[in-house]
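Asker: To start, I am sharing the structure in question, which I have written as structure tokens.
The values are calculated or read from the model by the stated rules, or taken from the named source; none is laboratory data. The structure displayed is predicted, hence computed values, not measured ones. Here the Cβ positions follow ideal geometry from the backbone for every residue, glycine too, while neighbour counts run over all protein chains shown.
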Amino acid sequence: MSLKKHIPNTITALNLACGVLGVVFALDGRVDLAFALMLAAAVFDFCDGLAARVLDAYSEMGKQLDSLADMVSFGVLPAVMMHRTMSLCTWYHGWLCYIPLAFAVFAGLRLAHFNVDERQHSSFIGLASPVAALLCASLCCFTAFEPLSALAQWCGTLWFIPTLALASGVLMVSGVPMFSLKFGKGMEADSKLKFKRISFLAEAFAIAVLAIVLSGSVSLAIALVCALYIVKNLVYAIFRI
């Protein structure tokens, strides 16, 4: 096997390393560092697929390694972050704090289903685990470091994080079709998919810039972009657009 065949798997391994290190920081209460490592994992998750397509270096091992890495970075890590955020922000240590850990179970089911479903190329069935993870983690980070804001006080209530974890988990294993931002052969020819992508990217850019300018918070910008993606896909599904 040539050296280029190992490049995508190396990038995927970096995704996994970020996820493992993020879990360590999350358990230590460093939600900010855990979130930064999740963002790094998301970059590596995007780059490994891009590298595999550019280098034509697809492999069954790479597919399985990618799912294992995503399980840690976008399943276990966000679940632990939500668990710790509840403890840190509400000073509550009862059974409700353990409900967010169910997010990891939903992520595992989502990733396992994705691996055996051959239909999910230009679109997904159910919410992709990285989007669900980034939504939950960004809100955790914003809640922990902007505690005086109205949104953070709402997110810091006893029921918000458990509800967020379960709702995003249900979306991951749902049958709701959601467009992908991946590029591949044939996808660019689909005018409807192209419109969905372009409109989302334009709106996401505007929302992110506005959020950063007005609040100075990158985590809030990411949360709003993820929420926009979910809402648009739900609208498309309901009205069969």
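Asker: Any residue that is free of Cβ contacts under 8 Å to residues at least 40 places away in the same chain and closer than 22 Å to Ala144 by Cβ - is there at least one of those in the stretch 223-234?
Answerer: For the stretch 223-234, residues free of Cβ contacts under 8 Å to residues at least 40 places away in the same chain and closer than 22 Å to Ala144 by Cβ: present.
Asker: Residues of the stretch 131-148 being surrounded by fewer than 21 Cβ atoms within 10 Å (Cβ to Cβ) and either closer than 15 Å to Ile222 by Cα or touching a residue at least 40 places away in the same chain (Cβ under 8 Å) (or both), which ones?
Answerer: Phe145, Glu146, Pro147
Asker: Also, quick follow-up: Run down Ser149, Ser219, Ser191 and say which single residue is modelled with pLDDT under 90, closer than 29 Å to Leu101 by Cα and of a type outside the set (Phe, Trp, Tyr).
Answerer: Checking each option against the conditions leaves just Ser149.
Asker: Applying the selection to the stretch 46-68, what residues are within 17 Å of Phe114 (Cβ to Cβ), acidic (Asp, Glu) and either in contact with a Leu (Cβ under 6 Å, 6 or more places away or on another chain) or surrounded by fewer than 18 Cβ atoms within 10 Å (Cβ to Cβ) (or both)?
Answerer: Hit for the stretch 46-68 is Glu60, nothing else.
Asker: Here's another thing I want to ask about it. Could you give me the residue pairs with C-beta distances under 7 Å whose first residue belongs to the stretch 191-216 and is touching a residue at least 60 places away in the same chain (Cβ under 8 Å), whose second residue is surrounded by 11 or more Cβ atoms within 10 Å (Cβ to Cβ) wherever it lies, and which are 6+ apart or on separate chains?
Answerer: Leu193/Ser122; Leu193/Phe179; Leu193/Met187
Asker: Same structure again: Can you name the number of the only condition in (1) of a type in the set (Phe, Trp, Tyr); (2) buried (at least 16 other Cβ atoms within 10 Å of the Cβ); (3) within 30 Å of Ile99 (Cα to Cα) that Phe200 fails?
Answerer: (3)
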